[in-house]
Amino acid sequence: MNTDGKTNPSPHRLRVILIGRNPGFTLVRICLLVALVFLLRAYVVLPVRMQGISMLPTYPAWGVNFVNRLAYHRSDPQRGDVVAIRTAGESVMYLKRIIGLPGESVEFRHGQVFINEQPLIEPYLKKPCHWEMPPTPVGPEEYFVVGDNRSMSQEDHTHGRTQRRRIVGRVLL
């Protein structure tokens, strides 16, 4: 006991707090937890670092987010989903929003998106754009994707059709 009236935890109590009463069982739990995290990282959740401003203001530039790789194993991507799209190699991806589904026609007229000649309501857009694009058919295994920051010039923005096999998963946050 200290002279100031405070007690220090005994080395035995500190060991129990840090390691547990059974060190062998604690080691097994740690190994299982590490294996679970490895499996989740390898097959379910993919961390991605955002670089660029094409998804502003929905997703901040240079932020980190996670992609659910299992999101589309039992269902198809839907309009409005933000997805990760593999471009070249294992680590280069775009994050874009799906606006056109297979078999549809996508058009930009005075900044407004039209799907099969019907205007698309996009509540996630904060600034208007002035893009123009003639009707573009989307193939049977394709999706039309575009970023949310459409205040950029159309030439500086990567958008268009992408194949279904290139979609890695849905962005979680």
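Tell me which residues, restricted to region 113-129, are under 19 Å from GLU155 (Cα atoms) and in contact with a Phe, Trp or Tyr (Cβ under 9 Å, 6 or more places away or on another chain). Listed by number, the residues that qualify are VAL113, CYS129.
Table: residues versus (1) of a type outside the set (Lys, Arg); (2) outside the structural domain of HIS159 (by TED's automatic domain parsing).
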position	(1), (2)
THR26	yes, yes
SER54	yes, no
TRP62	yes, no
ARG69	no, no
ILE85	yes, no
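Criterion first (at pLDDT 90 or above, farther than 29 Å from VAL44 by Cα, assigned by TED's automatic domain parsing to the domain that holds MET55 and among the basic types (Lys, Arg)) does ARG165 satisfy it? Judged against the criteria, ARG165 is not a match. Any residue that is of a type in the set (Asp, Glu) and touching a Pro at 6+ places or on another chain (Cβ under 9 Å) - is there at least one of those in region 67-86? Yes, there is a match, as at least one residue in region 67-86 is of a type in the set (Asp, Glu) and touching a Pro at 6+ places or on another chain (Cβ under 9 Å). Would you point out the residue of region 89-105, among those that are at pLDDT below 95 and not basic (Lys, Arg), that is farthest from GLY169 (Cα to Cα)? By that ranking, first place goes to GLY89. Put simply, of PHE38, PHE108 the only residue that is surrounded by fewer than 12 Cβ atoms within 10 Å (Cβ to Cβ), out of contact with any helix residue (DSSP H, G or I) (no Cβ under 7 Å at 6 or more places or on another chain), modelled with pLDDT of 85 or more and of a type in the set (Phe, Trp, Tyr) is PHE38.
Consider region 113-130 and keep the residues that are exposed (fewer than 15 other Cβ atoms within 10 Å of the Cβ) and part of a strand (DSSP E or B). The one that is farthest from the chain's Cα centre (by Cα) is GLN118. Residues considered: ILE53, ILE85. Of these, the only one that is touching a residue at least 60 places away in the same chain (Cβ under 8 Å), closer than 18 Å to TYR124 by Cα and either surrounded by 16 or more Cβ atoms within 10 Å (Cβ to Cβ) or not charged (D, E, K, R) (or both) is ILE53.
The values are calculated or read from the model by the stated rules, or taken from the named source; none is laboratory data. Nothing here was measured: the structure is a model prediction, and the numbers come from that model. Don't worry about glycine lacking a Cβ; one is built from the backbone with ideal geometry, like all the others, and counts go over all protein chains shown.
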